[in-house]
Structures are given as C-alpha cells and as structure tokens.
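Working notes, beginning with the structure itself.
Read the figures in this text as sums done on the coordinates, not as results from a lab. Note that the structure is a prediction, hence the values are computed from the model and not measured. Note that each Cβ is placed from the backbone with ideal geometry, even for glycine, and that neighbours are counted across all protein chains shown.
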Amino acid sequence: MTEELHQSGVLLCSDISTDILPYIEGRDSKQIFVLTDENTAKLCAPILQSIPQLKEAHYVTIPAGDDFKNLESLAKIWSFLGRHKATRHSLLINLGGGVISDIGGFAACTYKRGLDFYNIPTTLLSIVDAAVGGKTGINFDGLKNQIGVIRQPQHVFIDPQFLSTLDEENRISGYAEMVKHALISSEKDWKEVTAFDIHDGDRETLKNLFWKSVAIKERVVAIDPNEKGMRKALNFGHTIGHAIESVSHEKEAPILHGMAVAVGMVAELYLSHKKCGFPQQILEQAVTFINAMYPAYAFGDADYEHLYDLMTQDKKNEGNRINFTLLGNIGDVQINTHCTKEEIFAAMDFYRNSVLSTSINH
Ligand SMILES: NC(=O)c1ccc[n+]([C@@H]2O[C@H](COP(=O)([O-])OP(=O)(O)OC[C@H]3O[C@@H](n4cnc5c(N)ncnc54)[C@H](O)[C@@H]3O)[C@@H](O)[C@H]2O)c1
Ligand SMILES: [Zn+2]
C-alpha cells in the first residue's frame, strides 16, 4: 500500500517492488534509465533489478560523494543518455542520496530540454529534504549548488527498507533536517522529534516521523516553490551551518551536512532569542538536545572572520546583508532577519560555550 502526500507525487511505499509498477507500466515509452552512485549501485540497485519491468533498464553509476556532484559526472550522465538514445519520453530514476537526486534531477531537466524523472531517496537526508522540493543542481567553481534549476520530479518513492544499510553518521545527519522541520513547524512536532532516539529508536516510529517531516517540507514548498518568501523557512540553521560546513571542507576534515546544520541551529537559536524573543527555556532545552546528539565542532576566535566572510557570500543574501531565517518561537518563522557582525560573533561564542557546558554536564 502506498500513501500519497497531498497529491504531490511523493509516495510512501510499503514495498517499492510492487508500488512503483503502475508508474512504470502506465508510461508510453518503456525506455528507463537508473542513476546510482557506486554505493547505491551495490546496496540499493539489486532491489530495482529484481523488478522484471526494470531488468532491461540502463544503469549508470557515478562515484559516491558530494565532490562528484560536478560537471564531469553530469557530462558522463548526459553522454550515457545520448549513447543509449534516450528521448524526451524516456524516464530517469535517481536511486541514491541527495547527490544523486540533485545531479540526476539536473541531468534530466537539461538533457534534450527535459525528460521525466523519479527520485528514490536512499538516505534519511534525501528522504526528508533533498529528494523533495525540486531543487536540482551541481557544484561548480568551488561553490556548492552553484548551477541548477528548480523543477519538481514527477514522483518521489520513499521506501524505508533502503535505510537498513545506512550508517549511523548519515542517519544522525539526516535527523538534523527533521529537527529543523519540527522547529519551524509546531510544538507538537518538536515534542515528537525530541522524544525519539535516533540511535536505537524503532523503525516504525522513525517512518511515521520522517513522513511527517516530508509533509512539513512539502507544505512549505507548495506555498513558495521558487523561494521568494516562505520557502526561506527551510534555511533555518543553514546560514551559519553552511559556513561551518565550508570551513570543515577547507580544513580537509569535512563534516556531514546535518552535523554542520546542528551547529548552525544552536547558533541561530541564540540569535532567535536575542533578536526575535525566542523563549529562554525552550532555547536551553533545544540546545541541550542538539548538543547531546551531535558531535561538538571545534573552531576558535581565529576562524570567526573567515566564517563571517563565507556568510557574506551565501547565495541567499540580498543586497549586502546576510539574510537569516530566525524563530520568534517554535513554529513562528521570521524570514529576512539581518544580524550585525557582532551579533553573529556572539552567536558563535554562544555555540562554543554551550558545547563546553554540555560536556561538563555529561
Ligand atoms: N536539493 C535539495 O533540496 C537538497 C537539500 C539538502 C541537501 N541536498 C544535497 O544533498 C547532498 C547530501 O545528501 P546525502 O547526505 O544524502 O549525501 P549522499 O548522496 O552523498 O549520500 C551519503 C552517503 O551515503 C551513501 N548511501 C546512500 N544511500 C545509502 C544506503 N541506502 N545505504 C548505505 N549507504 C548509502 C552514499 O553513497 C554516500 O556515500 C548534498 O550534495 C546536498 O547539497 C540537496
Ligand atoms: Zn540542509
């Protein structure tokens, strides 16, 4: 049995092998391509290959990791489609994490000016975030997601069975986006997300929680698909989080996206408290919860200027100001909030102190 979200094309499968069939058999062209990375080729593709209707599909694989979400991999996908005579009626199925849905979505949108694509997310992060919402693209010239388009996939098939092979780090990373969705949504969602133990919580509860999380994202995207306004709610934690993520890559000790977003959320909760009146007591509870789950990220005063500089280059800024999405309370999102350099530095101080006090209390 599948469950569909508000007729958005996002489906929760109980078994993809049968649930996907109507969406393959009903198509005019039977020519199907499947994109994987080298991990999902081994761990996830066998499930699709066991479906008779997908046995004849053309499978194309790129190396795993965000470093390969680049022009070279994109060219490889385009060439593969060309070599196998893909037409505008062919279908591309993206089977993998956010790297695969981003680059595969972009390849599908651009090849012969666009063919249909389905996403089958296989990481928690891509289930609740990357595979839904229609943002596609690649990294270019050292900048993340610099080239891309927004176009919704025809369908997204979510099957929790893929998560069984995902490592702990990637599960926790994906959970950060669920924490974010709860914070921008409601007290009720927040309570549920904080009551769950991602380390050894049961699968059924996780499934219910991530399905709610997908619904939150989908609701926000439906109001503002092109990020002119309310979609910016999804950027909570990401202004400082992206800067931390970039610095970790520069220092050649990269941390996963969700880990950086966790740091960003703590710092931006502080800014929310200072600038928008986010309640002190919830601030303390949220910071304790996040710091207990995510590894502390070590950085010093010497990193502040560079982190700030990175924030000024964020593509979400308008004019010369750094654009934050902050919260007046859980579920009370305040977009386009501007903070001074001093306030941002104070937020970074707050994060570092909060990590220290968490480790003392442990
Ligand atoms: N388009 C969007 O709205 C959006 C939103 C958030 C993130 N993103 C992008 O998504 C990417 C991050 O997504 P991600 O964390 O899924 O990264 P990812 O696709 O690199 O996957 C993480 C790792 O898990 C492996 N993997 C995937 N499925 C697996 C499975 N079932 N079992 C075991 N291993 C598996 C992958 O091979 C990879 O090594 C970034 O490129 C980011 O920019 C896009
Ligand atoms: Zn994110």
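Here is how the numbers come out for the structure above:
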| item | result |
| --- | --- |
| Cα-based equivalent ellipsoid, region 3-165: semi-axes from gyration tensor eigenvalues, Å | 21, 18, 15 |
| Proximal charge balance of Leu125 [Cβ under 10 Å; K/R count +1, D/E count -1] | -1 |
| Residue-averaged 222 nm ellipticity for the chain, from DSSP H runs of 4+ at -39500 (n - 2.57), nearest 500 | -14500 deg cm²/dmol |
| Gap separating the Cα centres of region 322-348 and region 98-148, nearest whole Å | 28 |
| Contour minus Cα-Cα distance for His338 and Gln53 (0.36 nm per residue) | 97.4 nm |
| Mean Cβ neighbour count within 10 Å, used as a protection proxy, ranking 219-231, 149-161 highest first | 149-161, 219-231 |
| Arg88-Glu3 pseudo-label distance in nm [points 7 Å out on the Cα-to-Cβ vector] | 3.8 |
| Estimated vicinal HN-Hα couplings, Hz - region 88-96 in sequence order (Karplus 6.51, -1.76, 1.60; Gly, Pro = x) | 5, 9, 6, 10, 10, 9, 9, 10, x |
| Per-selection Rg to Rh, the chain - Cα, Kirkwood hydrodynamic radius | 0.97 |
| Of the trypsin sites (Lys or Arg not before Pro) in region 12-109, those whose Cβ has at most 10 other Cβ within 10 Å and which sit in DSSP loop | Lys55, Lys85 |
| Cα-based helix-to-principal-axis angle, 280-293 vs the chain, degrees rounded to 10 | 50 |
| Euclidean distance of C-alpha centroids, region 186-263 and region 33-64, integer Å | 27 |
| Entries of Lys191/Lys274; Lys55/Lys232; Lys55/Lys217; Lys188/Lys315; Lys69/Lys228; Lys217/Lys316 with Cα pairs more than 29 Å apart | Lys55/Lys232; Lys55/Lys217; Lys188/Lys315 |
| Net charge contributed by nearby residues that have their C-beta within less than 10 Å of Tyr304 (K/R +1, D/E -1) | -4 |
| Cα point-scatterer Debye curve for region 1-98, base-10 log of I(q)/I(0) at q = 0.12, 0.13 Å⁻¹ | -0.43, -0.50 |
| Rounded to 5, the percent of DSSP beta bridges in the chain classed as antiparallel | 35 |
| Positive minus negative residues near Ile100 (Lys, Arg vs Asp, Glu; Cβ under 12 Å) | -3 |
| Chain lengthening between Ser357 and Lys207 when straightened (0.36 nm per residue, less Cα-Cα) | 50.7 nm |
